[in-house]
Amino acid sequence: MAALVLRGLAARKLRVALTGIAIVLGVALMAGTYILTDTINHSFAKIFQTASEGHDVVVTPAQILGRKVRSEVSPVTEQMLETVRRTPGVAEAAGAIFTPGTLLDTHRKRLTSPNAPAFVGSVSPPRFESFKPVRGSFPTNASQVAIDETTAKRGNLHVGQSMIVAGTSATGRYTIVGILRFGGGASFGGAGAALLVPAEAQRLLGETGRYDQINVAAQAGVTPAQLRNRIRAELPAIVDVRTGAEQAKKDTSDLEENLSFLRTFLLIFAYVALFVGAFIIFNTFSITVAQRTREFGLLRTLGASRAQIMRSVLYEGLLLGAIGGGLGLAAGIGMAPALNELFKAFGAELPDSGTVLASRTVIVSLLVGIVVTLLAGLPPALRATRVPPVAAMREGVQIPPRPLPTRRALVIRFVAGLAVVILISTTLGKGIGVVLLVFWAIRLARLLARLRRGGERPPKRYRVVPALGHALGVLVRWRGITGRLAEENSVRQPGRTLVTAMALTVGLALVAFVAVLASGFKATINRSVDQSFAGSLIVENTQSGNEQGIPPGVATALRQVPGVQNVTAVAFTVGRLTGSSSNQTVTAIEPESFAREYRLEWKHGSNTVLGSLGESGAIVTEEFAKSHHLKVGGTMQLLTPTARHVSVQVRGIIHENAGLLKGITISRSLAANGFGQREDAVDFVGYAPGAGNAQVQPAVDRVLNAQYPQTRSRTAAQFKQDLAGQINQLLTLIYVLLALSVIVSLFGIVNTLILSIYERTKELGMMRAIGTSRRQIRQMIRYESVITALIGGVLGLIVGVVGAVLVTSFALSGSGYVQSIPLGTLVVLLLVAALAGVFAAQAPARRASRVNMLQAISTE
């Protein structure tokens, strides 16, 4: 049987290759994802290990509200450093700073890539320093800076030149005295670093008398664990004390968890490609089984059992899956750098210190390739077992259908399927559950109709395919006989056409789904800004979209600009309600000026409530009040990032759709004093009566450029355009990744057309014999491919649009989401589907036009 399987595959090399590509591409993306993320994690682990060299003990701020949240005011003080130095067993201790900042050249152009962070650090004693000078030296006074090698190359900077470093509280111009490389040769990714003397770093970042951590070296004979325990006994609980190895391990673990979204994000697209590939495998095996009816009948006549027939088909799938998985793994090794370059193209540089191929990646790649192929080939294999021995005797014997299910079996299938739908909806979310329930309701209707007919199997004819095929045939019917023949060929076998089109349907449905969501989010943003923003300008960090804020001094500086009447600062922090296990985002505002630049929709209260917030008041959103059973006058206990417990009273309830005011809104002073919040997120600027944007915005920009070059001003229109640009950038990345599933579906169309041509060899020969030209044959195959692709495109757009509308209608109901259908994008997607059909038909069309008419006519 094994020899028979190998000979069968060798006799069908082309279809095996085309089918295998579907597996190879999906497995390649999955393997590439694992390799890329493993490489990134390994690179960061190397960075943290290098950074911890020489550190026996490390003192860091305690993460009161979890690893992702820390207070902007560091609790690590000079007094703690002195306490650590006096601890028995300490040989040396030094405070260190390494905090996000902004690096610019003298023309105030950023020196880091758009989505990469930059850090401002302090020079450490040689024992603790992770950077090594490659040119020049470390700074020795407050006017000097040393920068990393990558930043120097990007900005074409050299020792002796000047640059600007902007921090949380100040901006400085410094002379470059050193170009640095991170120790151990570890890649630092796209991040930038500027080292200053400690006192200057503290001043620039507003950390006077404070550090981000304390590095400690032990005396001879004292183990890191012993020293850790001694220091732990001397310091308060607001800081964590770990050994250097423990800190490196924790940093690595935290970062891997932070980057886990990247692996999940990419694997989704790999699974989509594999799902599309499964359609192709199923269709190919189904067609192949139908074409090998006489072969299977002959094997049955010679004594082969049904089990042997089934195993022969499954063995083909097993071999194909193993080969496809292996080739996909090899392709994944090359795809990992390609994915890295893709993210670089979108401004996200990731560290890379050599390809990491884990055993898990090898095992999963091979296993997925085999399992997907076997599962997709199982239904055709079962169908092959129903081939009767009589099929070997004559042409045209049909494979008998499956036995009709009983009423009980139909009910069991429905109940089991409904249970799966409910499980998936509870796991993945209400919106996805709604979509699945709609499709399952359609399935229920079919089951009920079947039960009313006493268990009779419904007709095999897929009515949607002929209807769409004839409707879309109008596009090619005007071409004459070739167009009409293509139209009829596309609906000749509706089941096969539908399965072929479904591969393209899946990809385009996801593209349409994402396009509708993106269009809706842009429309929602536009409406929210128009309805809620009452000011003239929005001042934000130039690197919009990241978590870095703007210095609090910006608002004070802008109030002095001629033509500016009002400036109000908005900040964000987090807190945790007593009894809750999750954090709540908290908005901080300046109550006296906020209502002048932002329109509030009150449910209980009015703008006069803002004046009473003080250090103990808060306003909450209507949704938050309902979920926590709060009313005006009620109180909340909040744990803050600084480990304080703050009690606030609800003074008002608002209806908020714009998303600026989160569940809880407090005063800016309470955020600073109780939560340790220093940076602002944005500043809203209002003009004086009669002041025009043409005069005021340039004046604002001059102040920002001179004093706070890490910030920029935006009008409402510019702000909306920036947010739309960020959405479009993410949308483009998703389109690029989804393109792989579309490419896989094209191979499905190619495969089906080639197999169809094999079946129609005699027909094509007859057409050539009665005068059909090679050119007309090619046209007919191309038009047939276009119709098939458009059937998949139309179905994909319908599924994608309906799915997006259902998900947003239920999952985002009450959030102010605006439904928006991007008709232009949908038309472009249909054109893409048509072009995909033309492209997929090229090889099959040439193959069909080269059929020898005499040999074809004599073919059985």
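The values are calculated or read from the model by the stated rules, or taken from the named source; none is laboratory data. Just so it is clear, the model here is predicted, and its values are computed rather than measured. Glycine gets a Cβ as well: all are built from the backbone with ideal geometry, and neighbour counts include every protein chain shown. When the accessible area is computed, the model is the full protein with side chains, heavy atoms only, and any ligands, DNA or RNA have been set aside. Shrake-Rupley method; radii C 1.70, N 1.55, O 1.52, S 1.80 Å.
Which value, in Å² rounded to 10, gives the accessible area of R127 with a 1.4 Å probe and all protein chains present?
110
Taking all protein chains together and a probe of 1.4 Å, list S820, S713 from the most accessible to the least accessible.
Sorted descending by solvent-accessible area, the residues read S820, S713.
If one computes P(r) from the Cα atoms of the range 147-208, what percent of pairs lie at distances over 16 Å?
Summing the P(r) of the range 147-208 above 16 Å gives 48 percent of all pairs.
Take the Cα atoms of the range 531-632, build their convex hull, and give its volume per residue in Å³.
145
Extension gain Q707-A688, at 0.36 nm per residue separation less the Cα-Cα distance, in nm?
4.6 nm
Keeping all protein chains in place and using 1.4 angstrom, which order do F261, F747 fall into by accessible surface area, from largest down?
Sorted by accessible area, descending: F261, F747.
Using +1 on the beta carbon of Lys and Arg, -1 on that of Asp and Glu, and nothing else charged, what's the dipole of the range 709-846 about the Cα centre, debye to 20?
About 460 debye.
In sequence order, what are the phi-derived ³J(HN,Hα) couplings for the range 630-637 according to the Karplus relation 6.51 cos²θ - 1.76 cosθ + 1.60 with θ = phi - 60°, rounded to whole Hz, with x for glycine and proline?
9, 10, 4, x, x, 10, 10, 9
For F684, what accessible area in Å² do you get when you roll a 1.4 Å probe over the heavy atoms of the protein chains, rounding to the nearest 10?
10
Any idea what log10 I(q)/I(0) is at q = 0.16 Å⁻¹ for the range 753-821, Debye with uniform C-alpha scatterers and no solvent?
Computed log10 I(q)/I(0) values: -0.68.
In what sequence, largest accessible area first, do H645, H42, H55 appear using a 1.4 Å probe?
H645, H42, H55
Under 14 Å between alpha carbons, and skipping anything fewer than 8 positions from K762 in its own chain: which aspartates and glutamates qualify?
E395, E860
Along each of its three principal axes, how wide is the spread of alpha-carbon positions in the range 689-755, in whole angstrom units, largest first?
74, 26, 11
Where a Cα-Cα gap under 13 Å defines reach, which aspartates and glutamates qualify for K522, not counting those fewer than 8 residues away within the same chain?
Straight-line reach from K522, under 13 Å: D530, D722.
To the nearest 20 debye, what is the magnitude of the charge dipole of the chain about its Cα centre, counting +1 on the Cβ of each Lys and Arg and -1 on the Cβ of each Asp and Glu?
The calculation lands at about 4780 debye.
May I ask you to list the trypsin sites (Lys or Arg not before Pro) in the range 502-566 that are in a DSSP loop and have at most 14 other Cβ atoms within 10 Å of their Cβ?
Passing sites in the range 502-566 are R559.
Once you keep just the Cα pairs under 8 angstrom separated by 6 or more residues, what percentage relative contact order results for the range 748-840?
Reported as a whole number, the value is 46 percent.
Semi-axes of the equivalent ellipsoid for the range 639-703, please: Cα gyration tensor eigenvalues, times 5, square-rooted, ordered largest first, whole Å.
32, 17, 10
Once every Cα of the range 19-83 carries one equal point scatterer and solvent is ignored, give the base-10 log of I(q)/I(0) from the Debye formula at q = 0.22, 0.24, 0.30 Å⁻¹, two decimals.
Per q value, in the given order, log10 I(q)/I(0) is -1.03, -1.07, -1.13.
Need one word for the range 270-353: rounded, prolate or oblate. Basis is the Cα gyration tensor (sqrt eigenvalues a ≥ b ≥ c); a/c below 1.5 gives rounded, then a/b vs b/c decides.
Prolate, since a/c reaches 1.5 and a/b exceeds b/c.
How high is the relative contact order of the chain, given as a whole-number percent (alpha carbon pairs under 8 Å, six or more residues apart)?
Taking the mean separation of contacting Cα pairs over the length of the chain, I get 17 percent.
Given V272, F747, S627, which one lies farthest toward the positive end of the charge dipole of the chain, if we put +1 on the Cβ of every Lys and Arg and -1 on the Cβ of every Asp and Glu?
Of the listed residues, the answer is F747.
Dipole magnitude of the range 505-595 about its Cα centre, charges +1 at Lys/Arg Cβ and -1 at Asp/Glu Cβ only, in debye to the nearest 20?
With Lys and Arg at +1 and Asp and Glu at -1, about 160 debye.
Below 8 Å, C-alpha to C-alpha, sequence gap of six or more: please give me the relative contact order for the range 66-175 in percent.
Worked out over the range 66-175, it gives 25 percent.
Could you give the nm distance between label points at I727 and T106, where each point is 7 Å from its Cα heading toward the beta carbon?
4.3
Report the equivalent ellipsoid semi-axes for the chain in whole Å, largest first, defined as the square roots of five times the eigenvalues of the gyration tensor built from alpha carbon atoms.
61, 33, 27
What is the antiparallel percent of DSSP beta bridges lying wholly in the range 607-737, to the nearest 5?
Roughly 60 percent of the beta bridges in the range 607-737 run antiparallel, per DSSP.
Round to the nearest 10 and give me the degree value, 0 to 90, for the angle of helix 481-490's Cα axis relative to the longest principal axis of the chain.
Rounded to the nearest ten degrees, it is 70.
With unit charges on the beta carbon (Lys/Arg positive, Asp/Glu negative), name the residue among V145, L157, P133 whose Cα is farthest towards the positive pole of the charge dipole of the range 63-171.
L157
With a cap of 11 neighbouring Cβ atoms within 10 Å, and only residues DSSP puts in a loop, list the trypsin sites (Lys or Arg not before Pro) found in the range 629-698.
Counting only loop positions with at most 11 other Cβ atoms within 10 Å, the trypsin sites (Lys or Arg not before Pro) in the range 629-698 are K631.
Mind listing the long-range amide H neighbours of G190? Cut-off is under 5 Å, sequence gap 5 or more, other chains count too, H placed in the peptide plane at 1.01 Å from N.
Correct list: E349, L350.
Would you be so kind as to identify which of G209, L327, V241 lies farthest towards the positive end of the dipole of the range 203-348, taking Lys and Arg as +1 and Asp and Glu as -1 on Cβ and the Cα centre as origin?
Of G209, L327, V241, it is L327.
Tell me the trypsin sites (Lys or Arg not before Pro) within the range 29-104 that lie in a loop according to DSSP and have at most 14 other beta-carbon atoms within 10 Å.
In loop regions of the range 29-104 (DSSP not H, G, I, E or B), the sparsely surrounded trypsin sites (Lys or Arg not before Pro) are R67, K68.
From largest to smallest, what semi-axes in whole angstrom does the range 505-571 give when each is the square root of 5 times an eigenvalue of its alpha carbon gyration tensor?
Working from the Cα gyration tensor, I get semi-axes of 36, 15, 8 Å.
Which aspartates and glutamates, if any, have their Cα less than 17 Å from the Cα of K153, not counting same-chain residues under 8 positions apart?
D105, E349
Go through the range 677-682 residue by residue and turn each phi into a ³J(HN,Hα) via Karplus (6.51, -1.76, 1.60, θ = phi - 60°); whole Hz please, and just put x for glycine and proline.
7, 10, 7, 8, 7, 8
Checking the table K109/K720; K249/K626; K109/K344; K132/K344; K662/K720 against a 30 Å threshold on Cα-Cα, which pairs fail?
K249/K626
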